[in-house]
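The structure appears below as structure tokens.
The values are calculated or read from the model by the stated rules, or taken from the named source; none is laboratory data. Computed from a prediction, not measured in an experiment: that's the story for all the values here. Here Cβ is always computed from backbone atoms with ideal geometry, including for glycine, and neighbour counts include all displayed protein chains.
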Amino acid sequence: MADVNKIQIDLSEYDIVSKGMPSGGASGYVLKKASASDYDTEWAEEDIGSVFPEGGTTGQVLAKKSNATDDVEWKDNTSLPTGGAAGFALVKNSSTNYDVKWARTSLLIHVTENQ
């Protein structure tokens, strides 16, 4: 009489060790594809640095360095020039886009409604 409590399962189809899981790897490492081939994997450090560059300080922004994908760097937020004083206005400094500076305004323009 067969023992109904025993089941034999063929796991060779699921044998990840013989299918390419490498031995080793250190704590914190991740298993990643080494090539486009099936089961070709390797242990590697998790590379968060490829998403964001290291460094940066409070108030800095992430800016593109070139048109290349992922080519970014931390930069000071320079959308407005520093300095200026009460009554100063932003004026164009050159024909270059966004090249502005704080300047004392000597010309006041009054707009009135025609009646």
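General observations
- Of all residues in region 57-84, those being under 30 Å from Ala103 (Cβ atoms), assigned to a loop (DSSP other than H, G, I, E, B) and not acidic (Asp, Glu) number 12.
- The set of residues in region 46-56 that are modelled with pLDDT under 85 and part of a loop (DSSP other than H, G, I, E, B) comprises Glu46, Asp47, Val51, Phe52, Pro53, Glu54.
- None of Leu31, Leu90 is outside any loop (DSSP other than H, G, I, E, B), in contact with a Gly (Cβ under 9 Å, 6 or more places away or on another chain) and outside the structural domain of Ala103 (by TED's automatic domain parsing) except Leu31.
- Number of the exception - Gln8 against (1) over 20 Å from the mean Cα position of the chain (by Cα); (2) modelled with pLDDT of 80 or more; (3) loosely packed, with under 10 Cβ neighbours inside 10 Å: (2)
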